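Report on the structure given below.
The values are calculated or read from the model by the stated rules, or taken from the named source; none is laboratory data. Everything quoted here is computed from the prediction, not taken from an experiment. Please note: Cβ atoms are built from the backbone with ideal geometry, for glycine as well, and neighbour counts cover all protein chains shown. Remember, those area values only see protein heavy atoms, side chains included, never the ligands or the DNA or RNA. Shrake-Rupley method; radii C 1.70, N 1.55, O 1.52, S 1.80 Å.
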Amino acid sequence: MKILIVEDEKALQQSMIQYLQAAGFQCASAGDFRQALHLLDEVDYDAIVLDIMLPDGDGLTLLKILKEDKKQEGVIVVSARGDVDDRILGLKLGADDYLAKPFHMAELAARLYAIIRRKQFQGMNNLQAGDIYVNLERREVCVNGYAVNLTRKEYDLLLFFLANKNRVITRQALAEHLCQEHQDWFDDYDLVYAHVKNLKKKLAEKGCTDCIKSVYGIGYRFIC
Ligand code: CA
């Protein structure tokens, strides 16, 4: 999965590259508009992480050019301007998703994963991690050949873990992912705990034990 990260904040760019590479993405980066345009001319990517405010231009203009050129890359717009207008404009211009800064790297990885999955659905219809099989089209999960009946939240949680395999994921990142539409719940870690516990139990019942490890005081790690 080849990604282009367009971001002028050096530290943020570096941490995105570091995290996404460890999560299995192949990353290229551009620190300004011109460099991004040049790379996009030369290379086809699976997805682009696009910052709006660049020192020599506007990320949304870049998005417009991409769409005019009928480029197929999935685009996730990231912006410090959390305001609704930018978000709507970005989506109208054809972005696939929008993430307001600051965000968790685990959330970015999960959203990129989802975009690429949607775009290349044929090729990635089935996911496998250890003994776990997921049929994305039918939203079915099997462990060792046995169907596992998950709720929507548990299913989302499992895909989030699969997108961030072997990485520590904070409880806060999970809470935000699970409760995107309910900001008041962001700090409700009991909810995270309950969903993780149920998911673990259901996977364990079919023979997949110990794939979700607690990381004391921080969160969880999905190992396979
Ligand atoms: Ca910027």
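The figures follow:
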{"quantity": "Of the criteria (1) in contact (Cβ under 8 Å) with a residue 24 or more places away in the chain; (2) more than 16 Å from the ligand (Cβ to nearest atom); (3) on the phi < 0 side of the Ramachandran plot, which one GLY94 fails", "calculated": "(3)"}
{"quantity": "Residue match in the range 181-196 (condition: outside any helix (DSSP H, G or I), of a type in the set (Ser, Thr, Tyr) and at pLDDT 90 or above)", "calculated": "no"}
{"quantity": "Residue match in the range 120-130 (condition: in contact with a Gly (Cβ under 6 Å, 6 or more places away or on another chain), in contact (Cβ under 8 Å) with a residue 60 or more places away in the chain, under 29 Å from ASP210 (Cα atoms) and open to solvent by less than 10 Å² (accessible area, probe 1.4 Å))", "calculated": "no"}
{"quantity": "Subset of the range 71-85 that is within 14 Å of the ligand (Cβ to nearest atom) and either farther than 23 Å from ILE116 by Cβ or outside the structural domain of GLN21 (by TED's automatic domain parsing) (or both) - its residue that is least open to solvent (accessible area, probe 1.4 Å)", "calculated": "GLY82"}
{"quantity": "Matching option when the condition is charged (D, E, K, R), in contact (Cβ under 8 Å) with a residue 12 or more places away in the chain and touching a strand residue (DSSP E or B) at 6+ places or on another chain (Cβ under 7 Å), among ASP86, ASP58", "calculated": "ASP86"}
{"quantity": "Counted residues, the range 21-34 - those being in contact (Cβ under 8 Å) with a residue 24 or more places away in the chain and closer than 18 Å to GLY59 by Cβ", "calculated": "7"}
{"quantity": "Qualifying positions in the range 22-70 - of a type outside the set (A, V, I, L, M), closer than 18 Å to ILE116 by Cβ and within 16 Å of the ligand (Cβ to nearest atom)", "calculated": "SER29"}
{"quantity": "Close pairs from the range 201-219: first of a type in the set (Gly, Ala, Ser), partner loosely packed, with under 12 Cβ neighbours inside 10 Å, Cβ under 9 Å, at least 6 apart", "calculated": "ALA204/ASP210"}
{"quantity": "Condition broken by LYS206, with the remaining ones in (1) open to solvent by 80 Å² or more (accessible area, probe 1.4 Å); (2) modelled with pLDDT of 85 or more satisfied", "calculated": "(1)"}
{"quantity": "Residue within the range 108-116 that is surrounded by 20 or more Cβ atoms within 10 Å (Cβ to Cβ) and within 16 Å of the ligand (Cβ to nearest atom) present", "calculated": "yes"}
